[in-house]
């Protein structure tokens with residue numbers, strides 16, 4: 001399972017320069033990916049189910065990664081808070097991903 005960061009692109013993280021800096025820090029700290037908040041809608045006519053889609057788990061603690069992998073999860077994303085100051089997001093990212 002890959003481990004990434006899921007960042008809001010508004011409020012304390014509205015600056016494109018800050019987001020680019022966080023993405024570079026995430027890469028340097030060993031995260032597998034850096035993603036911005038977005039909403040994904042299933043295209044009309046697409047059958048319900050997970051075929052062709054990655055299963056993504058978000059939160060602040062992945063818990064037992066082996067259990068998530070067994071359930072089919074391909075990504076776990078640390079959800080950064082839009083209410084947190086920038087320095088708090090930097091600290092989370094620089095701490096690196098949890099152990100797999």
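Taken together, the values in this text are just the output of simple stated rules run on the coordinates, not laboratory data. Keep in mind the model is a prediction, meaning the values are calculated, not measured. Here the Cβ is made from the backbone with ideal geometry for all residues, glycine too, and neighbour counts use every protein chain on show.
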Problem set entry | FRET efficiency estimate (nearest 0.05) - Cβ-Cβ, residue 95 to residue 18, R0 22 angstrom | 0.80
Exercise. So, in nm, how far is label residue 87 from label residue 9 when the simple model puts each one 7 Å beyond its Cα toward the Cβ?
Worked result: 2.7 nm
Seminar exercise, completed: Reduced to Cα centres, the span from segment 13-40 to segment 77-93 in Å works out to 10 Å
